[in-house]
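Trainee: Provided herewith is a single structure, encoded as structure tokens, for subsequent inquiry.
The values are calculated or read from the model by the stated rules, or taken from the named source; none is laboratory data. What you are looking at is a predicted structure, and each value in this text was computed from that prediction instead of being measured. Note that we place each Cβ from the backbone using ideal geometry, even for glycine, and neighbour counts take in every protein chain shown.
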Amino acid sequence: MVDNMSRRGFDPLTYRFEDAIPASGGVTQLADGVFWVRMPMAGRLNHINVWLIRDDQGWTVVDTGLFREDVQRCWQNIFRQHLQGLPVTRVIATHLHSDHTGLAGWICQQFDCELWMSRSDFFMCKVMAADGPADVPEDAIRFYRRAGFTAARLERYRQRFGQFGANISPLPAGYQRIQDGQYINIGGREWRAIIGHGHAPEHVCLYCPELKLIIAGDQILPKITPNVSVNPSEPRANPLRDFINSCGRFREVLPPDLLVLPAHESLYHGLHERLTALIDWHEVALEKLYELCAEPKRAVDVFPALFKSAITDGSYFPATGEAIAHLHCALERRMVSVTEDDEGVAWWQQA
Ligand SMILES: [Zn+2]
């Protein structure tokens with residue numbers, strides 16, 4: 001995630017419910033039958049926003065927080081105090097990342113209810129969670145060597161590999177598939193699934209025309225841009241093109257006056273302005289990348305075109321993925337070309 005507020009200079013968004021932000025594990029009502037819950041997280045983000053929607057026979061939960069004891073305690077408290085004695089009848093995960101899916105399996109098991117997700121994200125989540133620490137594949141090492149990782153960085157990758165599953169309680173064997181454009185009836189209201197790409201394979205956003213709000217997950221965050229990364233699982237992918245196209249499409253199909261419920265930070269009005277800003281931010285980054293590649297650069301050399309703050313040990317991996325995403329987008333547009341040296345390292349230069 002990139003903090004891009006300072007780069008834009010002003011903020012066209014209007015933040016809502018600023019005086020009602022729930023405490024960790026707390027609950028705030030947003031609309032008839034729609035509730036905002038915050039779950040704790042480590043790191044700079046320190047929280048994830050998740051949602052409770054009153055359904056016919058109980059409650060639909062949208063996103064869950066990480067598979068951690070403190071988050072489980074928060075949920076148990078909510079189950080006792082905020083569900084009016086009714087069960088959770090469905091869990092929807094917007095996308096595969098562990099802060100969204102972490103307790104999905106656990107909640108489904110507690111209430112014997114269904115998990116709803118997009119197909120790509122359900123299966124990718126299962127595959128990633130199944131990776132064990134001993135399974136570091138050689139082509140993944142080649143991928144990061146090609147990006148310019150030193151031997152020490154590659155060793156860190158080996159150590160980190162297989163950690164994804166640790167933050168996710170086991171998913172059920174089956175799920176209900178959510179597809180783009182599908183209407184989902186929750187508590188007598190229609191919610192329309194709109195699928196975005198680039199941050200996750202098939203990121204589900206849920207739009208309720210009647211309540212004029214959209215659950216946006218990580219796809220349309222305020223203040224920060226979601227990480228758009230190329231990963232070893234699809235080394236030649238161009239997720240940034242997909243992300244930019246999704247922003248453009250959302251701007252065409254969604255009305256401008258929705259209240260946006262993002263997975264991190266504050267709720268806001270200004271959906272179209274935010275979508276435009278997200279596109280602009282990446283377009284500016286691509287221009288800066290082009291300038292920087294006047295001399296040949298490796299992926300790990302182009303961070304200054306994308307990030308204002310210094311890249312730390314913890315952000316080095318997502319920063320690399322994001323750098324490669326921008327390079328692949330620039331390559332497809334014929335802004336840059338790439339050559340590989342004898343060590344298998346890719347060097348990118350203005351075309
Ligand atoms: Zn995410």
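Trainee: What about A294, is it more than 18 Å from G198 (Cα to Cα), over 24 Å from the mean Cα position of the chain (by Cα) and touching a residue at least 40 places away in the same chain (Cβ under 8 Å)?
Mentor: yes
Trainee: Something else: Regarding L206, is this residue assigned to a loop (DSSP other than H, G, I, E, B), more than 11 Å from the ligand (Cβ to nearest atom) and under 30 Å from D56 (Cα atoms)?
Mentor: So L206 does not fit the description; no.
One line per residue, one yes/no per condition, for (1) of a type in the set (K, R); (2) loosely packed, with under 14 Cβ neighbours inside 10 Å; (3) modelled with pLDDT under 95:
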residue	(1), (2), (3)
D32	no, yes, no
R54	yes, no, no
Q57	no, yes, no
R68	yes, no, no
L83	no, no, no
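Trainee: Now for a separate question. As an exercise: evaluate E287 against (1) outside any helix (DSSP H, G or I); (2) loosely packed, with under 15 Cβ neighbours inside 10 Å and give the number of the one condition it does not meet.
Mentor: The single condition E287 does not satisfy is (1).
Trainee: Here is a further query. Considering only the stretch 312-351, state which residues are closer than 30 Å to L45 by Cβ, assigned to a helix (DSSP H, G or I) and not hydrophobic (A, V, I, L, M, F, W, C).
Mentor: Hits for the stretch 312-351 are Y316, P318, T320, G321, E322, H326, H328.
Trainee: Do you know which of the residues in the stretch 339-351 that are out of contact with any Leu (no Cβ under 6 Å at 6 or more places or on another chain) and surrounded by 17 or more Cβ atoms within 10 Å (Cβ to Cβ) is farthest from T150 (Cα to Cα)?
Mentor: Here the residue is W347.
Trainee: How many residues, within the stretch 98-137, are modelled with pLDDT under 95, of a type in the set (D, E) and over 24 Å from the mean Cα position of the chain (by Cα)?
Mentor: 1
Trainee: Residue by residue through the stretch 147-166, note down the ones that are surrounded by fewer than 18 Cβ atoms within 10 Å (Cβ to Cβ) and of a type in the set (A, V, I, L, M).
Mentor: Selection gives A151, A152, L154, A166.
Trainee: If you scan the stretch 290-334, which residues turn out to be among the aliphatic types (A, V, I, L, M) and surrounded by fewer than 19 Cβ atoms within 10 Å (Cβ to Cβ)?
Mentor: Within the stretch 290-334, L292, A294, A310, I311, L331 meet the criteria.
Per-residue answers, yes or no, for (1) within 16 Å of the ligand (Cβ to nearest atom); (2) closer than 30 Å to Q350 by Cα:
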position: V230; (1), (2): yes, yes
position: F250; (1), (2): no, no
position: P262; (1), (2): yes, no
position: G270; (1), (2): no, no
position: L278; (1), (2): yes, yes
position: A299; (1), (2): no, yes
position: K308; (1), (2): no, yes
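Trainee: Another question about this same structure. Note down all Cβ pairs under 6 Å where the first residue falls in the stretch 330-351 and is closer than 15 Å to L286 by Cα, the second is in a strand (DSSP E or B) and among the aromatic types (F, W, Y), and they're at least six residues apart or on different chains.
Mentor: Once the first residue is closer than 15 Å to L286 by Cα and sits in the stretch 330-351, its partners that are in a strand (DSSP E or B) and among the aromatic types (F, W, Y) give V336/W348.
Trainee: Output the residue which, of all residues in the stretch 10-30 that are of a type in the set (A, V, I, L, M) and within 24 Å of E273 (Cβ to Cβ), is surrounded by the fewest Cβ atoms within 10 Å (Cβ to Cβ).
Mentor: A20
Trainee: Within the stretch 183-206, which residues are surrounded by fewer than 22 Cβ atoms within 10 Å (Cβ to Cβ) and of a type in the set (F, W, Y)?
Mentor: Correct list: Y183 only.
Let's see how each residue does on (1) within 16 Å of the ligand (Cβ to nearest atom); (2) out of contact with any helix residue (DSSP H, G or I) (no Cβ under 7 Å at 6 or more places or on another chain):
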residue: G33; (1), (2): no, yes
residue: V37; (1), (2): no, no
residue: I53; (1), (2): no, yes
residue: T64; (1), (2): yes, no
residue: R80; (1), (2): no, yes
residue: L83; (1), (2): no, yes
residue: R90; (1), (2): no, yes
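Trainee: Over 21 Å from the mean Cα position of the chain (by Cα) and of a type outside the set (A, V, I, L, M, F, W, C) - does that describe any residue in the stretch 41-55?
Mentor: The answer is yes, given that some residue of the stretch 41-55 is over 21 Å from the mean Cα position of the chain (by Cα) and of a type outside the set (A, V, I, L, M, F, W, C).
Residue by residue, here is whether (1) among the hydroxyl-bearing types (S, T, Y); (2) under 15 Å from P170 (Cα atoms) holds:
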{"position": "A31", "(1), (2)": "no, no"}
{"position": "Q57", "(1), (2)": "no, no"}
{"position": "V61", "(1), (2)": "no, no"}
{"position": "L66", "(1), (2)": "no, yes"}
{"position": "D70", "(1), (2)": "no, no"}
{"position": "H82", "(1), (2)": "no, no"}
{"position": "P87", "(1), (2)": "no, no"}
{"position": "A93", "(1), (2)": "no, yes"}
{"position": "T101", "(1), (2)": "yes, yes"}
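Trainee: Among helices (runs of 4 or more DSSP H) lying entirely in the stretch 94-184, which contain 3 or more residues that are within 16 Å of the ligand (Cβ to nearest atom)?
Mentor: Because the criterion is at least 3 residues that are within 16 Å of the ligand (Cβ to nearest atom), the helices (runs of 4 or more DSSP H) in the stretch 94-184 that meet it are 98-101, 119-130.
Trainee: So for the stretch 216-228 (the condition being more than 16 Å from the ligand (Cβ to nearest atom) and farther than 21 Å from D19 by Cβ), does at least one residue qualify?
Mentor: No - not one qualifying residue is present in the stretch 216-228.
Trainee: Filter the stretch 94-147 down to the residues that are in contact with a Phe, Trp or Tyr (Cβ under 9 Å, 6 or more places away or on another chain) and among the β-branched types (V, I, T) and list them by number.
Mentor: T101, I107, V136, I141
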